[in-house]
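**Student:** Below you'll find the structure I mean.
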């Protein structure tokens, strides 16, 4: 979840700064409302603090979220185990199922 939030933030930051690098876009942005960086940062900090306080206001949301992440963690662990067993069976020190066309098979 935090990965998506961070990724969205950085992607938005890139999209916001790209027009500053293009001279044609600067002319189009002249009519845009002004951007107050200080006020925007203050609003972002307040929003983040509000998100952190959601567990105080609605503890059932945090409990459900915690259970969800625990269940996803168990499934991810099981998925990693299955992937490891699959890769281990394919690349173990035994006979390989892989056959290349460049080398003849010798017995």
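**Student:** Identify, from the list 49, 85, the residue that is more than 30 Å from residue 12 (Cα to Cα) and either modelled with pLDDT of 75 or more or out of contact with any strand residue (DSSP E or B) (no Cβ under 6 Å at 6 or more places or on another chain) (or both).
**Tutor:** Just one listed residue meets the conditions, 85.
**Student:** Also, I was wondering about something else. Can you confirm whether residue 94 is surrounded by 10 or more Cβ atoms within 10 Å (Cβ to Cβ), on the phi < 0 side of the Ramachandran plot and either part of a loop (DSSP other than H, G, I, E, B) or modelled with pLDDT of 85 or more (or both)?
**Tutor:** Criteria not met by residue 94.
**Student:** Look at residue 99 and say whether it is at pLDDT below 80 and out of contact with any helix residue (DSSP H, G or I) (no Cβ under 6 Å at 6 or more places or on another chain).
**Tutor:** yes
Yes/no matrix, rows are residues, columns are (1) under 19 Å from residue 2 (Cα atoms); (2) modelled with pLDDT under 80:
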{"position": "14", "(1), (2)": "yes, no"}
{"position": "18", "(1), (2)": "no, yes"}
{"position": "24", "(1), (2)": "no, yes"}
{"position": "32", "(1), (2)": "no, yes"}
{"position": "54", "(1), (2)": "yes, no"}
{"position": "57", "(1), (2)": "no, no"}
{"position": "81", "(1), (2)": "no, no"}
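The values are calculated or read from the model by the stated rules, or taken from the named source; none is laboratory data. Worth saying up front: this structure is predicted, and the values here are computed from it rather than measured. Cβ sites come from the backbone with ideal geometry, for glycine too, and all protein chains shown count toward neighbours.
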